[in-house]
Amino acid sequence: MPDRDTDRMPRIPEFVSVVIAALNVRSTIDAQLDALAVQDYGAQFEVVISDNGSTDGLRQHLADRPTDPFELRWVDSSACAGVSFARNNGVEAAKGDLIAMCDGDDLVHPGWLRALVSAAAEYDAVGGTLEITTLNPPEILRWYPEPDREGLGGPAGFLAFTPTCSMAFWRNTFDRIDGFDTTYTTGGEDADFSWRIQLAGMTLGHSRDALIAYRLRHTDREIFRQSRGHADAHVTLFARYRSQGNPRPSALSSLSLVLAVLLLSPLLPESFTHCPRGRWFFHAGTLAGRIRGSIRHRTIYI
């Protein structure tokens, strides 16, 4: 965990807002809201659903929900497509001086909010911890690596970051860096947000106990599209932050990726390749995204 600002008194929020950027999550949002309803936080909070243009009847579905122990508000964030815009608009509408974020298709554990608030007392922003066993089938779990519960992510030799599906930050932290960058459309906005916090001289912490069940993509098409989008965003991050020290992938890791895509095709029997289909589509999407991003930014990031 990064060093704390030991000269600053621990901060206690006056009010906490949980912001959920949402798009067509009617089928999963009830489980997340039910999980938020049984948080052991011990104080009042609100939940703001920042709707980025859902077409599945999400607004009416929320209006028909039974009364929750928190104030539930729906916010129209359809003016601009993209999760970053929805997050920014949700924060602007929120009442809290501390903002927590989660997603509408995941599932917070009972101590999630309490742990985030406790950790945020010492930091300008704080990330939680993901687990993947609760919401995902065995065929995905057998190849997808378990997330690290001991710290923040980030490329070796550069700054840490935390995913926005489990994060909290103070409103003045958000204001100081002008929120999320809406030019990120396929991912990467969480790393950019985390890095700008740190480059502005503020602190980013981690809470091992702020646990959330994270929903992975399950079909080959979904896995490929998500990994391609994330890899494309990683090239954008490299292009923007290489002058601050954000490195390219190592030659060895790049070679391993190319060889995995070329030699471990799912057309071959898994008994021969020892590579599950999902892992291959993840690798293929990553390579495709890196190539696309390299062309777009006129750089080499393979």
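The values are calculated or read from the model by the stated rules, or taken from the named source; none is laboratory data. In this text the structure is predicted, and so the values were computed from the model without any measurement. Note: ideal-geometry Cβ built from the backbone for every residue, glycine included; neighbour counts use all protein chains shown.
Output the number of residues of region 86-105 satisfying the condition of being farther than 20 Å from GLU14 by Cβ, surrounded by 21 or more Cβ atoms within 10 Å (Cβ to Cβ) and of a type outside the set (Gly, Ala, Ser).
5
I'd like to check something: does region 1-10 contain any residue that is surrounded by 13 or more Cβ atoms within 10 Å (Cβ to Cβ) and at pLDDT 95 or above?
no
Among the listed residues VAL235, VAL261, which satisfies the condition of being surrounded by 22 or more Cβ atoms within 10 Å (Cβ to Cβ), not in a loop (DSSP other than H, G, I, E, B) and not assigned by TED's automatic domain parsing to the domain that holds GLY151?
None of the other options fit; the residue is VAL235.
Of all residues in region 85-133, which are within 18 Å of VAL47 (Cα to Cα) and among the β-branched types (Val, Ile, Thr)?
Hits for region 85-133 are VAL91, ILE99, VAL108, VAL117.
Could you list all residues from region 57-86 that are charged (D, E, K, R), touching a residue at least 24 places away in the same chain (Cβ under 8 Å) and over 11 Å from ALA22 (Cα atoms)?
Once the filter is applied, which keeps residues that are charged (D, E, K, R), touching a residue at least 24 places away in the same chain (Cβ under 8 Å) and over 11 Å from ALA22 (Cα atoms), region 57-86 yields ARG65, ASP68, GLU71, ARG73.
Against the definition (part of a strand (DSSP E or B), modelled with pLDDT of 95 or more and in contact with a Ser or Thr (Cβ under 9 Å, 6 or more places away or on another chain)), how does LEU116 come out, yes or no?
So LEU116 fails the test.
Working only within region 25-43, note down all residues that are outside any helix (DSSP H, G or I) and either outside the structural domain of SER54 (by TED's automatic domain parsing) or over 20 Å from the mean Cα position of the chain (by Cα) (or both).
VAL38, GLN39, ASP40, TYR41, GLY42, ALA43
Considering ARG176, ARG217, ARG221, ARG196, which residue is among the charged types (D, E, K, R) and exposed (fewer than 14 other Cβ atoms within 10 Å of the Cβ)?
On inspection, the qualifying residue turns out to be ARG221.
Of everything in region 286-298, what is over 18 Å from LEU255 (Cβ atoms) and in contact with a Phe, Trp or Tyr (Cβ under 9 Å, 6 or more places away or on another chain)? Give them in sequence order.
Residues satisfying the conditions are GLY293, HIS297.
Do we find a residue being more than 27 Å from PRO276 (Cβ to Cβ), among the polar types (S, T, N, Q) and not in a helix (DSSP H, G or I) anywhere in region 136-155?
No, that holds for no residue.
Which residues, counting only those in region 33-51, are over 18 Å from LEU107 (Cβ atoms), modelled with pLDDT of 95 or more and surrounded by fewer than 23 Cβ atoms within 10 Å (Cβ to Cβ)?
Answer for region 33-51, where residues must be over 18 Å from LEU107 (Cβ atoms), modelled with pLDDT of 95 or more and surrounded by fewer than 23 Cβ atoms within 10 Å (Cβ to Cβ): ALA43, GLN44, GLU46.
Just need a number here: residues in region 164-201 that are touching a strand residue (DSSP E or B) at 6+ places or on another chain (Cβ under 7 Å) and either part of a loop (DSSP other than H, G, I, E, B) or not assigned by TED's automatic domain parsing to the domain that holds GLY90 (or both).
2
For region 184-217, which positions are free of Cβ contacts under 8 Å to residues at least 24 places away in the same chain and either within 20 Å of ALA239 (Cβ to Cβ) or among the acidic types (Asp, Glu) (or both)?
Result: ARG196, single match.
Of PRO110, PRO66, which residue is assigned to a loop (DSSP other than H, G, I, E, B) and at pLDDT below 95?
PRO66
Looking at region 282-294, is at least one residue in contact (Cβ under 8 Å) with a residue 24 or more places away in the chain, loosely packed, with under 13 Cβ neighbours inside 10 Å and over 20 Å from ASP190 (Cα atoms)?
no
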